[in-house]
1. Among the residues of segment 232-248, which ones are hydroxyl-bearing (Ser, Thr, Tyr) and under 21 Å from residue 215 (Cβ atoms)?
2. Only one of these conditions is not met by residue 719: (1) touching a Pro at 6+ places or on another chain (Cβ under 9 Å); (2) farther than 28 Å from residue 668 by Cα. Which number is it?
3. Given the structure, is residue 405 modelled with pLDDT of 95 or more and in contact with a strand residue (DSSP E or B) (Cβ under 9 Å, 6 or more places away or on another chain)?
4. Just a yes or no: is a residue in segment 742-765 in contact (Cβ under 8 Å) with a residue 24 or more places away in the chain and in contact with a Gly (Cβ under 9 Å, 6 or more places away or on another chain)?
5. Please work out which one of (1) out of contact with any Phe, Trp or Tyr (no Cβ under 9 Å at 6 or more places or on another chain); (2) surrounded by fewer than 14 Cβ atoms within 10 Å (Cβ to Cβ); (3) over 28 Å from residue 609 (Cβ atoms) is the condition residue 101 fails and give its number.
6. Are any residues in segment 474-498 within 21 Å of residue 715 (Cβ to Cβ) and either in contact with an Asp or Glu (Cβ under 8 Å, 6 or more places away or on another chain) or not hydrophobic (A, V, I, L, M, F, W, C) (or both), and if so, which ones?
7. May I ask you to say which residue of 738, 732 is surrounded by 18 or more Cβ atoms within 10 Å (Cβ to Cβ) and under 15 Å from residue 689 (Cβ atoms)?
8. Suppose we keep only residues that are part of a loop (DSSP other than H, G, I, E, B) and touching a Lys or Arg at 6+ places or on another chain (Cβ under 8 Å) within segment 419-450. Which one would you say is nearest to residue 492 (Cα to Cα)?
Amino acid sequence: MYKKNKVWQSTFSFVLLTVISFVSFLTYGEATTQQCVSCHQEQVKDWQKSHHFHSMGYADEATVLGNFNNQTLSYLGYTANFYKENDKLMISIPDDKGIGKPYQVLYFFGYEPLQQYMFDMGKGKVQLFPFAWDSRAKEDGGQRWFVLHPDADSNNLFHFSQMGQNWNYMCADCHSTDFKKNFDLKTKSYDSTFSAINVSCNACHGDPKKHLIWANNIDVNNVSGTDASKGFSEFIGKSSPLFQRQSDGSMKSVASLQQSKQVAMCGTCHSRRSFYKDRTSPTEFLSQFQPSLLTPELYYVDGQVWDENYVWGSFTQSKMFERGVTCTNCHNPHTGKLKLKANQTCTQCHGAESFDTPKHHGHKIGSTGSQCVDCHMPTTTYMQVDERRDHGFRVPRPDLTRETGVRNACNDCHKDKTAEWAETAVKKWHPNSKYIGSDHFAQSFYAADNNFQDATTKLKAIAQDSKLPDIVRASAITRLDKVSNKEHLLFDLKSKLDDEPLKNLALITASQDVTIYQKWQLLHSLLDDNHLPIRINAARSLAILLTEPYFNNMSKRDIDRLINALDDYKQAQKYQADRGFSHTNLGSLALDLGDLKAAEKHFLTAIEIEPIYSPAYTNLAELYRQQGDEVKVQSILEGAIDKNDKVAELYFALSMSLIRTNKKNLAKSALKKATEYASTNAQYHYTYALLLQDLGQLAQAITSFEIAFNITPNDSSITYSLSKALAAQKQYARALYYANHLARLIPNNHEVDRYIKQLTLMKGLNH
């Protein structure tokens, strides 16, 4: 299945260690491995206690924690079985008809608080079982099997047969060392390899060859005079050993900060990010990966974690990151555990006399709330049992909860109290707090996400504020993608922004709907960027320039630059050829370039590779629409719905085609389904209301307009349509209410003012 080291593989025992470790290093042979062990026995001993060591391993009775003594578990209405067969650990998974299919457990992930298991589905495709073992103590609710995604049926991305649970694509890059995916599109098979099954030395330290040369040539009596990098290409130690509080309250390093790639190195795995090729150097983060920004899908508007972000996105918002704190200021780099107990971790820099006291935290010593992490690193539970702490290290802001609805650490514990109560309590403890009531980027992001009229001004201020973290400023720029008439704003921002990768990526997103000529001026310099994600996203954004009439107005040099960067984009998509989105991306590119035959081929390949990937169907339907073939449009969308009948976007696309072919009653049914499966999508409800209105069903239309309004009360189009519909039913008082709301959304608008006067008159006449 996997080819580990194609040169050799060795198994050895570490002296004085209780666990046998299997580690293989590509190319360097057994002598190299023994040299590492002979010098670093303590580090290896620590590593074997870590989550990195247990990140992945071969499954047998010694390594697997789960109970396989003829256990059963309910799964999608049927029964799964866990048992042993001739020294093999087996799990029988029921199919859609309840018929069990046995799979051997080949590999495991992790050891606490849960352990997951994997099987080979054929052709080198390794999938995760839908079950996990809760390894917590029984008194804590553990020592049991449970279903990780209990509602994921066979059409769900996180069903055990789908790509959301595929090891080769989703997991291996971070759970194993020197992973190479090696997917073959022709055979639809994997020939994946790794140098070590778990996260071993190479994963963080990189190629050890030069280090070994250095180690074999140093004068052990004069180590201080040797190369500080010790033969490695980058320094990944602490930037500073310690930080001290200054008289103004700020924290400062006790020594000059040393440039370190540690946070970048850790971030290659401990981040929510996209990737476009097999990883190379462990310290090259932004040149290989595209990290997610502070989007509503992943974060609260104040930057607190919502969905999984794996630390980097939170930590890079923090004052600690800004000051030069790195992961190993708090964590032992080899065990991964805290170096000191409880609050001592924090008070090594933040003096205990000032912070580890009820005068600061307001709680009795030893109680919940007296630990620094209770307030500054609240937990979120993922995978049902895995509590993870937010690494933003922020001050609790119940006032922001009141303003924007974000969580706060106070009410996380005091769930029976209001945010106002928590705000009052904090003000009582800290009457001179510089935080409570102060401006925060959360207010700007909340305004943008809710379409407030002053959102653009607020976002511009955040984007230009050099005191804020890069990830916050970039997230503000990204939110400008919804703003209209922003060309001058984007040019102004570009002229004032430093050449920083996150903000450049955000600029590409924000400029999607400006004219192609303006987009060229904004983005063309990024075609030569050293960071792959920036280069290929800029190229994709500018690709249409390779068509007429734009092509004739470009210099040969610029054409070559765009073609080269676009080739990188294509290669990145081909690397992800095991996913439907990659072929859909290539199809959309071909469509933009006018190659309809290639576009159709890519979309059909996407459907073949990943049949549940709905954007492939909607994009193929759009291609057929452009060709004027609504019969094909409806056929492809109806076929997609047969495969997955709970995807709102499929019903919406189908309804649009039905409207175009004047089948409005059928369109009504499809649109209704879209609103049911995406009940918080205001656009779907708004479109449904317009159709109902067109069909003369005004009362039902008003109901749908109201639903859309309640979802996005600051959308002027929805507000106006609702008011007009009410006026058509002679409900002038209610129509006036929404018209006045519209005036607040669009102040100083003569047409709105005139409309309000008309409604006021009609209301008076019908009183």
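1. 233
2. Of (1) touching a Pro at 6+ places or on another chain (Cβ under 9 Å); (2) farther than 28 Å from residue 668 by Cα, only one is false for residue 719: (2).
3. When the stated conditions are applied, residue 405 does not pass them.
4. no
5. In the conditions (1) out of contact with any Phe, Trp or Tyr (no Cβ under 9 Å at 6 or more places or on another chain); (2) surrounded by fewer than 14 Cβ atoms within 10 Å (Cβ to Cβ); (3) over 28 Å from residue 609 (Cβ atoms), residue 101 misses (3) alone.
6. 478, 479, 481, 482, 484, 485, 486
7. Every option except 738 fails the conditions.
8. Ranking the candidates gives 440 first.
The values are calculated or read from the model by the stated rules, or taken from the named source; none is laboratory data. Everything numeric here is computed off the predicted structure, so don't read it as measured data. Counting neighbours? That spans all protein chains shown, and the Cβs are built from the backbone with ideal geometry, glycine included.
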